[in-house]
Amino acid sequence: MKPLPPDATQWAHALRQAAAAEDWPQLTLLDRQLQDYLQQPDRPHERDLLQALRSAYADAMAICAAHRSRLENEMSRLASSREGQQAYAQFSETEWT
């Protein structure tokens, strides 16, 4: 696993890149590393860092939401297809028996 990038621009880029690649393990790792960093009392939390992270998280959340929507649509399509196949199979069985 890659270590956390050292500045706000790199953190934001890494978050966006992991989300765009749908690399959920990397996105989870970055999220945990950022939480750990932000909770350190001896680290100054620069305004630029927090603004860059807010923007990157918003982008990552939008990508995740779009992915979730695609998955929901695919699952719905598969369920409809399965129901149609089951109905066809039941209809076919009744016609031949």
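Over every pair of different alpha-carbon atoms in segment 17-70, take the mean of 1/r and invert it; report that Kirkwood radius in Å. Walk me through the intermediate numbers first.
Values: mean 1/r = 0.0826 Å⁻¹.
The answer is 12.1 Å.
Using the Karplus relation 6.51 cos²θ - 1.76 cosθ + 1.60 with θ = phi - 60°, the per-residue 3J(HN,Hα) values for segment 19-27 come to 5, 5, 7, 6, 8, 4, x, 5, 4 Hz, with x marking Gly and Pro.
Please give the net charge around Ala65, taking every other residue with its beta carbon less than 12 angstrom from that of Ala65, where Lys and Arg add +1 and Asp and Glu add -1.
Charge balance near Ala65 sits at 0.
Can you list which of the GluC sites (Glu not before Pro) found in segment 27-91 are DSSP loop residues with at most 16 other C-beta atoms within 10 Å?
Here the GluC sites (Glu not before Pro) that fit, given the DSSP loop and packing criteria, are Glu46.
Rule-based calculations on the coordinates, nothing more; no lab input. Quick caveat, the model's predicted, so the values are computed rather than measured. When we count neighbours, we look across all protein chains shown, and the Cβ atoms used for this are built from the backbone with ideal geometry, even at glycine.
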